[in-house]
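*Asks:* Just passing along the structure, written as structure tokens.
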Amino acid sequence: MFGMLAAPVTGFDNWPSAFGLAFVYGFFFVGGTGYRIILAVATRDEARKASASWSGATTGTALAALAASLLIRDQAQAMLVLAAYAVAINAAYIPVKLACLEAGCCHAHHRDPVLIRDHDLRRVEITLSATVLAAALIAMWTGALGLAAVLGVGGHLAIRLMSRWSRDRLPGFGTDSEVKGQELLPLAAGLAAAIWFVASP
């Protein structure tokens with residue numbers, strides 16, 4: 001999805017451009033997802049946690065999109081990159097949460113009195129992600145790229161904060177020696193960049 005939406009940035013709005021950008025996005029996504037596995041293999045540490053990481057995927061792609069948007073001189077194209085990322089990251093989160101439902105993981109420890117209550121946290125995340133995704137897509141369709149980026153990145157950041165609070169995994173160092181919330185700062189930086197682009201003349 002990122003490749004198709006961001007293809008005009010290359011100057012060639014065609015399938016080869018979309019495929020190339022999708023490959024780049026996938027490189028950072030898969031690399032971030034599997035960084036624990038790579039570290040476990042590199043250190044040959046059998047005790048090291050080696051599961052796939054959504055936080056790593058979000059961190060890798062958010063940093064890549066942020067860097068690209070800051071390096072691109074044309075503001076409209078920079079906003080397009082952030083908007084495409086905003087759509088892509090929310091679209092990817094939905095099947096991830098569906099997989100959590102299937103696997104029976106990621107249950108809430110805290111019950112938000114408004115959103116979660118007695119509802120399943122994962123279903124709430126899916127619903128919110130779909131809502132944010134729809135809002136970002138509509139904004140892109142109307143040509144409001146900055147708004148799409150703000151809605152998409154800001155929405156995903158809010159969902160991740162809610163999820164981490166609900167599961168007692170807000171930023172900090174846990175007993176598993178893993179830094180919690182590593183994706184929050186890159187998402188916040190991406191949101192700040194999107195707001196700055198929107199506010200700039």
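*Asks:* Consider all pairwise Cα distances in the range 74-164 and report the whole-number % of them above 23 Å. List each step's numbers first, then the result.
*Replies:* Values: 1149 of 4095 pairs.
Considering the range 74-164, 28 percent of its Cα-Cα pairs are separated by more than 23 Å.
*Asks:* Got a sec? How would Met4, Met79 order by Cβ neighbour count within 10 Å, fewest to most?
*Replies:* Values: Met4 16, Met79 25.
Fewest-to-most ranking of Met4, Met79: Met4, Met79.
Values quoted throughout were computed directly from the atomic coordinates according to the rules given, and no laboratory measurement underlies them. Everything numeric in this text was worked out from a predicted model, so none of it was measured. All Cβ positions, glycine included, derive from the backbone under ideal geometry; neighbour counts span all protein chains shown.
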